[in-house]
Amino acid sequence: MLKISVIGTGYVGLVSGAGISDFGHRVICADISESKIKSLIEGEIPIYEPGLDDLVKRNVNAGRLSFSTNIDTAIHQADVVFIAVGTPQGKSGNADISAVESVARTISKNINGYKVICTKSTVPIGTGQRIKELISENIPDGGEFDYVSNPEFLREGSAVKDFLWPDRVVIGATSDRAFKIMREVYRPLYVNEKPMLHTNIATAEMIKYASNAFLALKISYINEIANLCEASGADVHQVAKAMGQDGRISAKFLHPGPGFGGSCFPKDINALAAFANKKELPIKTIEAAIETNEIQKSRMVSKLKKMMNDDFSGKTVAILGLAFKPNTDDVRESSSIQMIREIQEGGGSIRAFDPIANDSMKEIIPDIKYVDSWEEACKDADSATIMTEWNEFRGMDLDRLKTLLSNPIVLDTRNILSIEKLTKLGFTFDNVGRKIVHEN
Ligand code: UDX
């Protein structure tokens with residue numbers, strides 16, 4: 001059993017800390033936010049992550065997991081310290097690593113003996129060197145450390161599953177001693193023969209960006225194929241299905257939509273592009289993915305406007321779904337934000353419903369009407385737009401939808417409604433890459 005401290009209790013730090021305690025280690029999740037730690041000590045999970053509540057409660061009750069605002073003590077007591085604080089996008093497109101640097105300085109003066117210092121936060125390639133220098137600045141006598149990069153591949157809304165059943169664990173470590181300790185941290189996974197890659201630090205940092213940026217590129221690619229399907233009477237779902245049956249392509253991340261959002265893809269692909277440009281090796285594929293994503297968000301607005309006689313003024317639009325994906329309350333970079341803003345700019349008004357993200361969106365866009373059901377959003381609205389593929393929208397009663405809307409106009413940016421039914425009921429509708437096909 002190792003003593004582990006995780007600095008930062010966002011969805012990465014909290015899920016990772018709770019997950020590592022589930023592996024049998026003693027974990028302290030520490031944060032400078034008194035309110036976050038108070039909530040956690042009181043048993044309230046400040047983020048929405050399916051399964052996290054049980055994971056935390058089980059390990060707190062077993063005495064393996066605790067929470068603290070005393071960062072110094074948490075570091076003092078640890079064999080392994082994880083840095084899991086936020087690295088938001090900075091102005092130049094680069095990740096802002098000031099929180100990581102601040103934690104590194106705090107760690108430095110608390111290295112009482114040998115410790116492994118592990119960065120889980122997503123940091124620009126080459127940052128490991130900087131973090132090592134900061135930690136080395138004020139080490140007390142007798143203190144020594146090895147640095148490790150251990151990037152996360154957690155998806156919001158399935159972070160607990162992704163942590164406990166990862167496809168692979170990446171350990172960037174220059175010392176065998178540190179690698180052996182990290183193998184001990186993840187022993188249960190190792191026992192389950194989950195692949196654990198031992199790389200150098202820059203390679204681990206690159207794996208994170210290369211993986212995430214590729215996923216974003218894949219989404220932008222299928223979105224552009226969807227647009228071509230619309231121009232050729234092809235069905236993008238069948239195209240994606242047939243593509244995915246090629247093992248080299250895989251079926252995942254081939255769902256066309258309104259453009260990707262979230263706290264990671266936009267930030268990570270901009271950071272990778274900024275890094276590439278700094279090295280004077282611009283990464284054109286990723287720059288194209290960024291541009292395509294912005295175009296896709298605008299295409300959704302144009303689709304809706306076209307169905308509303310190119311005029312939003314004086315009309316009400318029901319926005320169904322605000323979160324950037326289902327099973328999360330996170331609206332960061334969500335495509336629904338641009339949709340809402342452009343409808344407002346066009347003189348339209350909004351009635352928005354999301355099963356759990358209403359409050360999150362209220363913090364960004366307070367001046368629209370938020371309601372508690374899709375029916376209420378659609379009542380007497382001039383059109384409805386599905387922006388997030390929540391299951392309750394998949395199963396919506398289209399007959400009822402038609403009676404509620406004052407005009408039977410629907411934009412389905414997630415392709416979850418039946419084209420046959422929409423056609424039979426006489427809706428004016430549009431989607432992404434499937435408009436004129438007829439389901440066989
Ligand atoms: C992503 C990566 O998947 C994860 O590995 C990394 O650690 C963090 O970033 P996340 O952003 O939480 O995870 O969610 P993800 O499921 O990847 O979706 C991101 C965005 O892409 C969402 O807006 C989603 O709607 C969109 N998306 C995803 C598509 O439009 N099509 C797809 O096929 C998949």
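The values are calculated or read from the model by the stated rules, or taken from the named source; none is laboratory data. Source: prediction; values computed, not measured. Glycine gets a Cβ as well: all are built from the backbone with ideal geometry, and neighbour counts include every protein chain shown. Surface areas here come from the heavy atoms of the whole protein model, side chains and all, with no ligands, DNA or RNA. Shrake-Rupley method; radii C 1.70, N 1.55, O 1.52, S 1.80 Å.
Annotations
- Filtered residue count, segment 391-406, keeping only those that are outside any helix (DSSP H, G or I), open to solvent by 20 Å² or more (accessible area, probe 1.4 Å) and at pLDDT 95 or above: 2
- Look at segment 266-291: where a residue is farther than 14 Å from Pro88 by Cβ and a partner is outside any helix (DSSP H, G or I), sitting 6+ places away or on another chain with Cβ atoms under 7 Å, you get Leu272/Ile283; Ala273/Gly93; Ala273/Ile283; Phe275/Pro124; Phe275/Ile125; Ala276/Pro282; Ala276/Ile283.
- The single condition among (1) farther than 30 Å from Ile139 by Cα; (2) out of contact with any Asp or Glu (no Cβ under 6 Å at 6 or more places or on another chain) that Ile71 does not satisfy is (1).
- For segment 199-211, a tally of residues being open to solvent by 20 Å² or more (accessible area, probe 1.4 Å) and within 10 Å of the ligand (Cβ to nearest atom) returns 1.
- Listed by position, the helices (runs of 4 or more DSSP H) inside segment 73-165 whose residues that are hydroxyl-bearing (Ser, Thr, Tyr) and either more than 16 Å from the ligand (Cβ to nearest atom) or crowded, with 18+ Cβ neighbours inside 10 Å (or both) number at least 2 are 98-108, 127-136.
- For segment 332-346, filtered to residues that are away from the ligand (no atom under 16 Å from the Cβ) and of a type in the set (Asp, Glu), the residue that is farthest from Gly262 (Cα to Cα) is Glu345.
- When residues of segment 221-268 are limited to those that are near the ligand (Cβ under 9 Å from one of its atoms) and aliphatic (A, V, I, L, M), the one nearest to Glu152 (Cα to Cα): Leu254
- Among the residues of segment 292-302, those that are within 16 Å of the ligand (Cβ to nearest atom) and touching a residue at least 40 places away in the same chain (Cβ under 8 Å) comprise Thr292, Asn293, Gln296, Lys297, Ser298, Arg299, Met300.
- Test result for Phe353, free of Cβ contacts under 8 Å to residues at least 40 places away in the same chain and in contact with a Phe, Trp or Tyr (Cβ under 6 Å, 6 or more places away or on another chain): yes
- Looking only at segment 304-336, and only at residues there that are basic (Lys, Arg) and over 25 Å from the mean Cα position of the chain (by Cα), the one that is least open to solvent (accessible area, probe 1.4 Å): Lys315
- Within segment 311-331, none of the residues are part of a helix (DSSP H, G or I) and either among the small types (Gly, Ala, Ser) or within 16 Å of the ligand (Cβ to nearest atom) (or both).
- Within segment 24-48, the set of residues being loosely packed, with under 13 Cβ neighbours inside 10 Å and of a type in the set (S, T, N, Q) comprises Ser35 only.
- Answer from Asn61, Asn70 - the residue that is touching a residue at least 40 places away in the same chain (Cβ under 8 Å) and of a type outside the set (Phe, Trp, Tyr): Asn70
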